[in-house]
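**Q** Okay, here's the structure, questions in a sec.
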Amino acid sequence: MRKRKSNKSFRFLIKMSLCLIYLVVAFILLYCAFHLYQDGREPIEWANATDIHDYTYVDIDKMSEKFASIDKEKDVHFIIDENEKTGVWHIYLLAISKNDYSKYKDIIDYSYGRVKDKPESIRVYGYPTMIGRNLKGLTIKNYKNFVSFENQVELNLENFDEYLTNTYLDSTRKQEKNFNWIVVILMVLDFALLVLIVVTILDKDRLVDEVDRLMELEERKRRRKSKS
């Protein structure tokens with residue numbers, strides 16, 4: 001009886017240890033899945049975008065009038081993002097809905113010197129979209145009409161990607177829910193671990209108990225033989 005109680009205590013300790021290990025691993029997997037999911041939803045700075053599926057943002061300090069249209073619904077503008085501390089600025093292309101012009105009008109007016117007071121910069125969100133050859137041509141043609149003479153470069157098709165990148169920011173596209181297989185796999189593994197915890201707790205160790213019973217019978221037989 002003492003041996004059986006000792007075995008049961010040992011098995012209980014093993015069970016609890018396994019459950020604790022499963023629980024810790026499940027928590028780590030859940031933590032990783034949550035952060036991967038959040039990272040997939042958090043917009044990143046336009047300059048750091050590496051894929052057309054990255055949901056990005058850029059702060060607009062200056063903006064041109066439209067110089068091209070896409071699908072008769074979007075207008076394309078030059079925008080300038082300037083770092084106030086360093087003075088470093090970058091020029092990009094932005095596509096906006098024709099209906100959103102009034103949202104940017106103050107910045108556009110300031111950019112052309114129509115008003116003196118500088119408005120607050122506007123943060124705009126969207127997805128990178130590849131710039132077609134026709135849009136590149138229009139960009140090169142209109143580039144000098146917006147950028148001041150002292151800051152101009154000799155823009156052409158060969159150096160276009162270097163100065164303006166090969167994508168424009170399409171602000172008409174709302175954030176999409178990207179399916180992340182890694183998150184799904186982690187959640188499946190998490191569920192499997194929870195099942196293991198339940199099974200480990202509820203398992204009665206019948207096989208081990210049966211082995212103990214057979215061992216006790218063998219022990220009794222051996223004692224009987226020794227007595228006889």
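All of the numbers you see were taken from the coordinates with simple rules; none came from a lab. Predicted model only: the values in this text are computed from it and were never measured. When we count neighbours, we look across all protein chains shown, and the Cβ atoms used for this are built from the backbone with ideal geometry, even at glycine.
**Q** When the chain is fully extended, how far beyond the present Cα-Cα distance does Met130 get from Asp54, taking 0.36 nm per residue of separation?
**A** Between Met130 and Asp54, full extension yields 26.1 nm more.
**Q** Another one. Per residue of the range 98-113, what does 6.51 cos²θ - 1.76 cosθ + 1.60 with θ = phi - 60° give for ³J(HN,Hα)? Whole Hz please, x for Gly and Pro, Karplus curve as stated.
**A** Computed from phi, the couplings for the range 98-113 are 4, 6, 9, 4, 4, 5, 10, 4, 4, 5, 5, 4, 5, 4, 9, x Hz.
**Q** Also, quick follow-up: Would you pull out the residues with amide H under 5 Å of Thr167's amide H, same chain only if 5 or more places away, H placed 1.01 Å from N?
**A** Residues meeting the criterion, in which the H sits 1.01 Å from N, are Ile131.
**Q** Further, regarding this structure: With label points built 7 Å along Cα→Cβ from the Cα atoms of Gln175 and Arg223, find their separation and express it in nm.
**A** In this crude label model, Gln175 to Arg223 measures out at 7.2 nm.
**Q** In debye, nearest 20, what is the charge dipole magnitude of the range 44-170 about its Cα centre with +1 on Lys and Arg Cβ and -1 on Asp and Glu Cβ, if you could check?
**A** I would put it at about 520 debye.
**Q** Would you list His77, His90, His53 from fewest to most Cβ contacts within 10 Å?
**A** Ranked by crowding around the Cβ, least crowded first: His53, His90, His77.
**Q** Between Tyr101 and Ser148, what FRET efficiency comes out of the Förster formula 1/(1 + (r/R0)^6) with R0 = 25 Å and r the beta carbon distance, rounded to 0.05?
**A** With R0 = 25 Å, the Cβ-Cβ based efficiency is 0.60.
**Q** How far apart, in nm, are two points set 7 Å out from the Cα along the Cα-to-Cβ line at Asp109 and at Asn156?
**A** For the pair Asp109/Asn156, the computed spacing is 4.1 nm.
**Q** So, one more: Could you give the nm distance between label points at His90 and Ser121, where each point is 7 Å from its Cα heading toward the beta carbon?
**A** 1.1 nm
**Q** Moving to a separate point now. If packing is taken as the average count of other Cβ atoms within 10 Å, what order do 56-68, 147-159, 187-199, 111-123 fall into, highest mean first?
**A** Put in order of decreasing packing, that is 56-68, 187-199, 111-123, 147-159.
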